[in-house]
Amino acid sequence: QVQLVESGGGLVQAGGSLRLSCVASGTVFGINVMGWYRQAPGKQRELVAIITPGGSATYADSVKGRFTISRDNAKNTVYVQMNSLKFEDTAVYYCNAFVMTRSYWGQGTQVTVSS
């Protein structure tokens with residue numbers, strides 16, 4: 001089993017920044033792609049950004065140029081630096097990791113951007 005624990009969410013004014021972290025623990029041998037997804041009230045969960053073990057990143061169009069995903073393979077940790085936050089970025093942000101053939105999710109961390 002793999003456990004993912006997110007941290008770093010909170011309340012921020014529009015234009016501000018937050019950095020989310022997610023640490024994987026447990027049977028973490030073979031972690032592949034890690035990433036962040038978000039779900040706003042009344043909406044489906046959507047991709048924010050994902051990153052391969054080699055550092056290749058993919059972003060949703062809505063966050064390109066504002067968010068930066070990174071990872072520390074030695075620490076089994078993935079980060080997302082979120083700059084120039086907008087009201088529409090308000091959501092619960094979930095960490096995701098593929099380990100071998102299974103997908104794991106964290107509990108989520110709330111990000112609220114005030115306009």
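The values are calculated or read from the model by the stated rules, or taken from the named source; none is laboratory data. As the structure is a prediction and not an experimental result, all values here were calculated from the model. Virtual Cβ from ideal backbone geometry, glycine too; neighbours counted across all protein chains shown. Areas reflect the complete protein model, heavy atoms only, side chains present, ligands, DNA and RNA absent. Shrake-Rupley method; radii C 1.70, N 1.55, O 1.52, S 1.80 Å.
Scan (1) closer than 18 Å to GLU6 by Cα; (2) in a strand (DSSP E or B) for the single condition ALA74 breaks and write down its number.
Failing condition for ALA74: (2).
Specify which of the listed residues (GLN44, GLN13) is within 25 Å of VAL113 (Cα to Cα) and in contact with a strand residue (DSSP E or B) (Cβ under 7 Å, 6 or more places away or on another chain).
Going through GLN44, GLN13 in turn, the sole match is GLN13.
Mind checking which residues of segment 77-115 are part of a loop (DSSP other than H, G, I, E, B), touching a residue at least 60 places away in the same chain (Cβ under 8 Å) and under 17 Å from GLN39 (Cβ atoms)?
LEU85, LYS86, GLY106, GLN107, GLY108
Residue by residue through segment 62-73, note down the ones that are surrounded by fewer than 12 Cβ atoms within 10 Å (Cβ to Cβ) and of a type in the set (Phe, Trp, Tyr).
None - no residue of segment 62-73 is surrounded by fewer than 12 Cβ atoms within 10 Å (Cβ to Cβ) and of a type in the set (Phe, Trp, Tyr), so the list stays empty.
Considering only residues that are exposed (fewer than 13 other Cβ atoms within 10 Å of the Cβ) and either touching a Pro at 6+ places or on another chain (Cβ under 8 Å) or among the polar types (S, T, N, Q) (or both), which ones fall in segment 1-16?
Passing the criteria: GLN1, GLN13.
This table checks each residue for (1) open to solvent by 30 Å² or more (accessible area, probe 1.4 Å); (2) touching a Gly at 6+ places or on another chain (Cβ under 8 Å).
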{"site": "ARG19", "(1), (2)": "yes, yes"}
{"site": "ARG45", "(1), (2)": "yes, no"}
{"site": "GLY55", "(1), (2)": "yes, no"}
{"site": "ALA60", "(1), (2)": "no, no"}
{"site": "LYS86", "(1), (2)": "yes, no"}
{"site": "TYR93", "(1), (2)": "no, yes"}
{"site": "MET100", "(1), (2)": "yes, yes"}
